[in-house]
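Only one structure is covered here, and it is reproduced in the block below.
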Number of protein chains: 4
Amino acid sequence: MRIAFIGLGNMGAPMARNLIKAGHHLALFDLNKEVLAELGALGGQVSASPREAVAESDLVITMLPAAAHVRSVYLDDDGVLAGIRAGTPTVDCSTIDPQTAREVSKAAAAKGVDMGDAPVSGGTGGAAAGTLTFMVGASDALFSALKPVLEQMGRNIVHCGEVGTGQIAKICNNLLLGISMIGVSEAMALGNALGIDTQVLAGIINSSTGRCWSSDTYNPWPGVIDTAPSSRGYTGGFGAELMLKDLGLATEAARQARQPVILGAVAQQLYQAMSLRGEGGKDFSAIIEAYRKPQ
Amino acid sequence: MRIAFIGLGNMGAPMARNLIKAGHHLALFDLNKEVLAELGALGGQVSASPREAVAESDLVITMLPAAAHVRSVYLDDDGVLAGIRAGTPTVDCSTIDPQTAREVSKAAAAKGVDMGDAPVSGGTGGAAAGTLTFMVGASDALFSALKPVLEQMGRNIVHCGEVGTGQIAKICNNLLLGISMIGVSEAMALGNALGIDTQVLAGIINSSTGRCWSSDTYNPWPGVIDTAPSSRGYTGGFGAELMLKDLGLATEAARQARQPVILGAVAQQLYQAMSLRGEGGKDFSAIIEAYRKPQ
Amino acid sequence: MRIAFIGLGNMGAPMARNLIKAGHHLALFDLNKEVLAELGALGGQVSASPREAVAESDLVITMLPAAAHVRSVYLDDDGVLAGIRAGTPTVDCSTIDPQTAREVSKAAAAKGVDMGDAPVSGGTGGAAAGTLTFMVGASDALFSALKPVLEQMGRNIVHCGEVGTGQIAKICNNLLLGISMIGVSEAMALGNALGIDTQVLAGIINSSTGRCWSSDTYNPWPGVIDTAPSSRGYTGGFGAELMLKDLGLATEAARQARQPVILGAVAQQLYQAMSLRGEGGKDFSAIIEAYRKPQ
Amino acid sequence: MRIAFIGLGNMGAPMARNLIKAGHHLALFDLNKEVLAELGALGGQVSASPREAVAESDLVITMLPAAAHVRSVYLDDDGVLAGIRAGTPTVDCSTIDPQTAREVSKAAAAKGVDMGDAPVSGGTGGAAAGTLTFMVGASDALFSALKPVLEQMGRNIVHCGEVGTGQIAKICNNLLLGISMIGVSEAMALGNALGIDTQVLAGIINSSTGRCWSSDTYNPWPGVIDTAPSSRGYTGGFGAELMLKDLGLATEAARQARQPVILGAVAQQLYQAMSLRGEGGKDFSAIIEAYRKPQ
C-alpha cells in the first residue's frame, strides 16, 4: 500500500520503520532532514511537503508534537488537505486536544476525506517493538480501513467512537493515571514513615481495594517491582514532562467543558512543581521523591 | 476453644456468630443488652464486663468502634487487662490509629499478654459470609495462634508485621482507595462531558494504565459494573462516613509522622463535603455525583 | 482628541460613553449594530471596520472578550494594524493572556505602532462611574500618552512595566483574590459550625493576620458587610464565570511558565464545580454556599 | 492581686514576668525547675504542684503546649481543680482544640469555678513586650474580671463569646492566614516567572482586591517589606511548625464538625511537606521557596 507518513520524531520514526518493514511503500515528510534521509535509505520516498507526500497515497498517517503542528500540517497551503485525493483514509496519531481533532477532521470532511484520531500509548519502546495501543476515534468504515495498518505498528487497536474520542480516551486514562501514581506514592511513603515494610504493604494493596497499575506494575517505591523505572533510578519510562502535557490537555478540555477535575488539577500542579525543581526529565513515578525526606 | 468476644456491633455480631457456628465456646460482652441476649440464645455466655469475659478464655477478640473504646475496654478497672491470664493470645480487630494499637499492646505485654491488631475489610457482608480480609500486626508466634480462628471468620489472613502494622496496612490501602475512587469519578465524568461512551471509556481504562479496583470492580458510573453500588443507587457497599473515618485516621497518622498526604487530604475534604450535603450514608462511590450536573 | 474605540460590550460601551462625555471625538466599531447606533446617537462616528475606525484617529483603544478577538481585531485584513498610522498610541484594555498581549504588540511595533495592554478592574459599575483601575503595561512614553485619557475612564492608572505586565498584574491579583475568597469562606463557615458569632469572627479576622479584602470589604457571609453581594443574595458584583475566566488565564500562563499554582488550581476547580451546579452567574463570593448545609 | 501562673515556657515565662513587674504576687508552677528558680528570684513564689499554686490565689492563668497538658494540669489529683477555691476567675491561654476547652471548663464549673479560654497571638516578641492579642472566650462577668489583668500582658483583649470561642477565633483566623500566605506566594512567584517586577506587583496587589496582611505586612518575597522575616532569611517570626499545629487543630475541629476545609487541608499538607524537607523551623512565609527554582 502507498502510505504517506508525516512526522518522524521519537515516536513517528520507529512507527514508519515498522510499516516499511511490513512491505508498504512510504511517502515521508518531516522538517528534520536527517531522519528523512535515514528512512529514505530504508526505501521510503522523501517528499518536499505534506502536500506532495499525500498526493499519490492510499492512506495518510500523521504523528506530531502538538495541536498547532496538526493544524499547520493539515491546513496550510502546502498541507495535507491541499494535496490529498478525496476518499483517502486518514488518521492523526498525535496526542492533542479533542476539539482540534474534531475541527481538523471537519475541514477534511469538506474535502471528501474521512479523518480520524488515534493517539497511542506504549512509548518509544512500544513504537520500536510494534506493540503500541491505538485509541481510535473514527467512523466504522474508517476504523475498518485503518485497523490492518495500525496492527502493523501496535498490539491493541481500540475503537473508542467517533472522531475525537481517541483523544478523549487517552486524556481521561492519563488523568486517572497521574492521580493514581500520586495516590500510590502517598500511601507507600506514609506506610514507610509509620513503620510497615514497603514490600509487604505493596503486596497487601495489590490484593486489595487499592490495587492499580501504578502499584502492581509500576510501583514508585524502589525495589518493589524490578522492572519498574523506580528500580533503575527513575530513568526510561514515561517522563514527567509528558505526563504534564497530558494533564494540561485534560484540565484544559475540562475547563472548556465546565467540568471540575479537582484531584487532576492538584496532580498537574505537583508534577509542575517537580518540573520546577528540574526533575521533569525523570519518569513520572519519581513524584514519590516529593514525599520522602531528602537523602 | 473458649474465646472472649467483646464488641458485638454491625461487624462484631456476625463475626461472633461464625465462631459459635464453628463450635467455639464464646464469652460475650457488649453494652447493648439486646444483641447480648440474641447471641446468648445461640449458645454464647453473656458476661457482665470485659474483665469477666476474658477471665476463663483461651483467646480474646475485640471489635470496637474507635480508639477511645479500645483504651477503655482494655485499660479500665473492669477491663480486659484486669482479668486476662498471662499468655492468652489477644487480638483487637477494630480500625483505630496505629499508635493506640501499639500503646495498648504495650500495656498488655506488661501483663504477660501478647496482643496484636487485625483490622478487617469486607464490610458487614463479608462479616456475615465469613469472607473478611484480616490485616494482622502480630509477632510470628501470635500470628500462628490467631490464624486458625481468624480463618473461621475470613478468607484472607495477611501477616503485615509487628503490632500496629495491621492498622497501617488498612489506612494506607484505604487512603489510596479514597483517592482512586475520586480519580475514576473525575475521569469518567470528564469523558462523559467530552462525549465518549462511558462503557467504552471504562473498558479502555480497565485494559490500560488507569486500571484499578475502583474502575474495574466498583466503577462509580451507573451501569458500568452491574454488581457495583453505583448500579443500585449507591446503596449498600462502603458508606462515605466509613471512608471519612479511615481517611481521618490516615491524615492524623500522617500529621503525627510529619508526612504529607496532599491528594489524601483533598479526598478527605471532598467526602466531608458529601457528608455536609447529607449524602454520607451513601456508598462512597457516590462522590461522582459531585462531578455531574444536578439532574 | 480623535479616539478609535473598538469593542462596545458591557465594559466598552460605558467606557466609550465617558470619553464622549469628556469631549473626545470617537470612531466606533463593534459587531453589535444596536450599541453602535446608540453610541452614534451620542455623537460617536460609526465605522464599518476596525481598519476604518483607526484610519484618522490619534489614539486607539480596544476592549474585547478574549485573546482570539484581540488577534482578529488587530491582525485581520480589515483590522487595526491594516489601517493605523505609524506613531499612533494604542492600548488594548481586554483581559487576555500576557503572551498574546506581547505578540500582538510586537506585530504593532513592526508597523511603527507602540501598543500597550491595560486590563481593568472595577466591573461594569466602575466602567459607568469612571472609577476603573487600569493596570498598564507600556513603555514610559506610551504610558504618558495614555494616562490622561485613561484617567477620564478610571481612578487608578497604575504603570506595571513593559507591555504584558498589565495582564500579569491582573491575573496574579485575581489568582490571589480567588484563593482568598475561598479561604475566607472556609474560615467563616468553620467558625459558624463550631459556634462563634460570624459578625464577631469577621471583626477579629479583620483586625488580625487573616485580614483581607475578601473579608473586610466583600465578606461572603450574609449580613457581615451591608454593601457586599452576600448581603443581597449574591447578585451584582463579580460573577463566578468571570473569576473562572481569570483563573483559567492564570493557570494557563503558569503552565506555560512551568510554575506551580497549587491553591490557585484547586480554587479554579471549586469555582468550576459551582459553574457545573448552575451557579456561575452568581457573584463569586457565593462559593461559600458549597461550605454550608443545604438550607 | 495573688495570681497563680502555671506553664512557664517560651510564652508563659515572659507573660508572668510582666505580671510580676505590674506588682502582682505570683504563685508559679512548671516542670522546668530552672525557669521556676529564675522567676522565683524575681519575687514569684515557687509551688510544688498546680494544686498548691492555686490554693491561695485570687485568679488563675495557665499557658501550656497542648490539650493533653491542659487536661492533666486541671484534672489530675494534684491539679488546679483539686486545689482551687470556688469563685476564683480562671483562664487558660493555651492554644488547644475548642472541645477540650469546653470540657475542662465544664469540669471547672462543677467545682464552682468560671473558667474561660484566651489563646494569644503576637508570638514571643509580643509576650515579652506585653503587646499580645488575647482572644477571650468567657462569660461577661469573667471577661470583666480577666480584662484588667490580661491588659498587663497584651494590647488587644477581644471578647469572642462564651468559653471555647477564643480557640475558635484563633484557629479560624490562622486557617485563613495559612491559606493567604500560600496564595500570596503563588501570586508573587507566578508574577516573577512571567516577568513583572515583584515590588511593583506587591504594590498593585496591596491597593487592589488581593490586598491582605500576608501581602502588605508580611510579604514572603524577599525585599518587598523590610521588616518581614522574608527580608532576613525567614528567621524569627511565626515558625512553620507552629502554623502546622494550628492548621492541625483547625482541620481536626472541622473533621469533628463534618465541615469541609479544602484549601485549608491543602495548605496544611504543603507546610507538612516543608517540615519533611527539614524547613519547619523557618518562618511560615518561607513556604514561597517551594514555588521558586532551587537557587
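Read-outs throughout are calculated quantities, based only on the coordinates presented, and are distinct from any laboratory measurement. Keep in mind that this is a model prediction, so the values were computed, not measured. Note that each Cβ is placed from the backbone with ideal geometry, even for glycine, and that neighbours are counted across all protein chains shown.
Which Cys residues of chain B have no other Cys beta carbon under 4.7 Å away?
If one checks each Cβ against the other cysteines of chain B, B:CYS93, B:CYS160, B:CYS172 turn up with nothing under 4.7 Å.
Between A:LEU75 and B:THR131, with labels modelled 7 Å along Cα→Cβ, what's the label distance in nm to one decimal, could you check?
5.5
Before anything else, pin down the relative contact order of chain A: Cα pairs under 8 Å, at least 6 apart, normalised by residue count, whole percent. Intermediate values should be presented prior to the final figure.
Details: 558 pairs, mean separation 36.8, N = 295.
The value is 12 percent.
Relative contact order of the stretch D:2-162, please, whole-number percent, based on alpha carbon pairs below 8 angstrom and at least 6 residues apart.
That works out to 20 percent.
Take the alpha carbon atoms of the stretch A:210-286, find their center, do the same for the stretch A:87-131, and report the distance between the two centers in whole angstrom.
24
Residue by residue, what Karplus-based ³J(HN,Hα) values in Hz, rounded to whole numbers, does the stretch D:201-212 have, using 6.51, -1.76 and 1.60 with θ = phi - 60° and x for Gly and Pro?
4, 4, x, 5, 4, 5, 10, 10, 6, x, 2, 6
Can you pull the one-decimal nm distance between simple spin-label points at A:GLU241 and D:HIS25, each 7 Å off the Cα toward Cβ?
Using points 7 Å along Cα→Cβ, the separation is 7.7 nm.
Dipole magnitude of the stretch D:174-278 about its Cα centre, charges +1 at Lys/Arg Cβ and -1 at Asp/Glu Cβ only, in debye to the nearest 20?
260
Select from C:THR88, C:THR165, C:THR227 the residue whose mean-square fluctuation is largest in a Gaussian network model of chain C (Cα-Cα springs shorter than 10 Å).
Taking springs between Cα atoms under 10 Å, the residue moving most is C:THR227.
Within 10 Å of each Cβ in peptide C:196-203, how many partner chain Cβ atoms are there on average? Round it to a whole number, please.
Partner-chain Cβ atoms within 10 Å, mean over residues of C:196-203: 5.
Would you mind telling me which residue in D:GLU252, D:GLU34, D:GLU162 has the biggest mean-square fluctuation in a Gaussian network model of chain D, where springs connect alpha carbons within a distance under 10 angstrom?
Among D:GLU252, D:GLU34, D:GLU162, the largest mean-square fluctuation in the Gaussian network model of chain D belongs to D:GLU34.
Given the -39500 (n - 2.57) contribution per DSSP H run of 4+ residues, what per-residue ellipticity at 222 nm results for chain A, rounded to the nearest 500 deg cm²/dmol?
-14500 deg cm²/dmol
At D:LYS147, label 7 Å along Cα→Cβ: distances to the other copies, nm, ascending?
Label-point distances to the other copies, shortest first: 5.0, 7.1, 8.4 nm.
Under the rule of at least 5 residues apart or a separate chain, name every residue whose amide H is placed under 5 Å from the amide H of B:GLY116.
Long-range HN contacts for B:GLY116: B:THR90, B:VAL91, B:ASP92.
How large is the charge dipole for chain A, taken about the Cα centre, if only the Cβ atoms of Lys, Arg (+1) and Asp, Glu (-1) carry charge, to the nearest 20 debye?
Charge dipole, chain A, about its Cα centre: 280 debye, nearest 20.
Compute a Gaussian network model of chain B, connecting alpha carbons closer than 10 Å, and tell me which residue from B:SER214, B:SER105, B:SER144 fluctuates the most.
Per the Cα network of chain B with a 10 Å cutoff, B:SER144 tops the list.
Nearest the rotation axis from A to B, which residue of chain A has its beta carbon, and at what whole-angstrom distance?
Rotation axis A onto B, closest Cβ, rounded to whole Å: A:CYS212, 2.
How would B:LEU132, D:LEU263, B:LEU39 line up from fewest to most surrounding beta-carbon atoms within 10 angstrom? Numbers along the way, then the final one.
Values: B:LEU132 26, D:LEU263 29, B:LEU39 22.
Exposure proxy ranking, most exposed first: B:LEU39, B:LEU132, D:LEU263.
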